[in-house]
1. Considering only residues that are touching a residue at least 40 places away in the same chain (Cβ under 8 Å) and among the hydrophobic types (A, V, I, L, M, F, W, C), look in the stretch 234-256 and name the one that is nearest to GLY334 (Cα to Cα).
2. Let me confirm something: among ASP205, ASP258, ASP193, which residue is at pLDDT below 95, more than 16 Å from the chain's Cα centre (by Cα) and more than 10 Å from the ligand (Cβ to nearest atom)?
3. Out of GLY229, GLY242, GLY251, which single residue is of a type outside the set (A, V, I, L, M), modelled with pLDDT of 95 or more, more than 16 Å from the ligand (Cβ to nearest atom) and open to solvent by less than 60 Å² (accessible area, probe 1.4 Å)?
4. Just need a number here: residues in the stretch 267-301 that are of a type in the set (D, E, K, R) and open to solvent by less than 30 Å² (accessible area, probe 1.4 Å).
5. Identify all residues within the stretch 261-284 that are part of a loop (DSSP other than H, G, I, E, B) and either more than 22 Å from the chain's Cα centre (by Cα) or hydrophobic (A, V, I, L, M, F, W, C) (or both); write none if there are none.
6. Of all residues in the stretch 180-217, which are in a loop (DSSP other than H, G, I, E, B) and within 29 Å of HIS134 (Cα to Cα)?
7. Out of LEU177, LEU168, which single residue is open to solvent by 10 Å² or more (accessible area, probe 1.4 Å), assigned to a helix (DSSP H, G or I) and either touching a strand residue (DSSP E or B) at 6+ places or on another chain (Cβ under 8 Å) or more than 10 Å from the ligand (Cβ to nearest atom) (or both)?
8. Restricting attention to the stretch 41-98, which residues are away from the ligand (no atom under 16 Å from the Cβ), open to solvent by less than 30 Å² (accessible area, probe 1.4 Å) and free of Cβ contacts under 8 Å to residues at least 24 places away in the same chain?
Amino acid sequence: MNTTDATDTLDSSATKDTSVSPRKPCVAFLSAVLDMHYLVPAFKAACPGIDLRLGSDLGKLDEIDAALCWYPPAGVMSQMPNLRLVQSVGAGVDHILAVPDLPASASLCRIVDPDMARGMVAYVTWAVIHRHRHMDDYIESARSHSWVEQPVVAPRKHRVGIAGLGTLGMACARTLLGIGYSVCGWSRSAKSDLPEGLAAYAGNDTLGEFLGQCDTLICLLPLTDETRGFLNEKLFAQLPKGAHLINVGRGDHLVEADLLTALASGQVGAATLDALTQEPLPAEHPFWADPRILITPHIATRTSPDVIAAQMLNNLTVLDAGGRPRWQTDPATGY
Ligand code: NAP
């Protein structure tokens, strides 16, 4: 991969500084759901001699400087008195804030990675086009060797709304605008320097107006106390009838029963879901059997181990120098 590109938000001297410091950082990998061994080679390459702790025996907990987390087990971080950094392996920190033992003194950081953004843009663009251009129907008619045309609607006549105009939402907006879709976005705070053609809405007062323009609605919000259950019956009622929902945020943004009701009434026409409340989605879950729902197994995008290692080690270097890591999040807002 192109390392310069993937880490272009970093101070390039960061990992070098770490490798010459007299004491190598001690990093614990914490996850209740993921085997994190795949990340070890990248950390060892970025910082030879680094003290990595994985598995059930984490050694002396007062030696641990930083924790790398994906759904960490509860009750572990609170026993690490010298923890300075809690690093998410992904863009969201909801899975860390879900456990109550985040030390107040530790900096909570997320990954922001151009390759992650590009992966998300590719997934979202595919999902929009797949439904807008009736690809499911073509796959079906090809099975019976049938030459059947579906309506061809110009992209500018298809309105795409993005809830969450952050790093990923804005990247998706730019590409969809480039194709020619009519794009609007919604965020908590008003934005300046918007890409040309992007209609932006901010705050709860504008939500209804925004939703009314979403032939396709993309959820790219972080999961917070305010956004949990955002995709619900009341919201669906404000969409144009037959809208397509794409959820690439988190499963808990969606009230699952409300989606089934909205699909049954035709208020929502189709859903593409990459994030589910229960992952893996159980085989007997009704979403699998509904032809209007397309499930993908939380693969919209990923970050490579070398980017995670570089950003985390850079964050430690910045903290050691008394600075604030660029992608530090605010536990009070949840993102
Ligand atoms: P981000 O840069 O923090 O952007 C979040 C956006 O959501 C911001 O525009 C923010 O508004 C807006 N927002 C937050 N709370 C809001 C509220 N209550 N009302 C309205 N807008 C609100 O996050 P990101 O890097 O783009 O990532 C977004 C999410 O994508 C992540 O948190 C994660 O859940 C999800 N994700 C999924 C995958 C996957 O593979 N499926 C991969 C990566 C990320 P302001 O701009 O006003 O702050």
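The values are calculated or read from the model by the stated rules, or taken from the named source; none is laboratory data. Please read all numbers here as calculations on a predicted model, not as lab measurements. For neighbour counting, all protein chains shown are included, and Cβ atoms are generated from backbone atoms with ideal geometry for every residue, glycine included. In case anyone asks, the SASA skips ligands and DNA or RNA and just uses the protein heavy atoms, side chains included. Shrake-Rupley method; radii C 1.70, N 1.55, O 1.52, S 1.80 Å.
1. By that ranking, first place goes to VAL248.
2. Testing whether each residue is at pLDDT below 95, more than 16 Å from the chain's Cα centre (by Cα) and more than 10 Å from the ligand (Cβ to nearest atom) leaves just ASP193.
3. On the way: GLY229 fails: more than 16 Å from the ligand (Cβ to nearest atom); GLY251 fails: more than 16 Å from the ligand (Cβ to nearest atom).
Of GLY229, GLY242, GLY251, the one residue that is of a type outside the set (A, V, I, L, M), modelled with pLDDT of 95 or more, more than 16 Å from the ligand (Cβ to nearest atom) and open to solvent by less than 60 Å² (accessible area, probe 1.4 Å) is GLY242.
4. 2
5. GLY266, GLN267, ALA275, LEU276, LEU281, ALA283, GLU284
6. First pass over the stretch 180-217, keeping only residues in a loop (DSSP other than H, G, I, E, B): 180-181, 188-198, 203, 212-215.
Of everything in the stretch 180-217, those that are in a loop (DSSP other than H, G, I, E, B) and within 29 Å of HIS134 (Cα to Cα) turn out to be GLY180, TYR181, PRO195, GLU196, GLY197, LEU198, GLY212, GLN213, CYS214, ASP215.
7. Among LEU177, LEU168, only LEU177 is open to solvent by 10 Å² or more (accessible area, probe 1.4 Å), assigned to a helix (DSSP H, G or I) and either touching a strand residue (DSSP E or B) at 6+ places or on another chain (Cβ under 8 Å) or more than 10 Å from the ligand (Cβ to nearest atom) (or both).
8. Residue satisfying the conditions is LEU83 alone.
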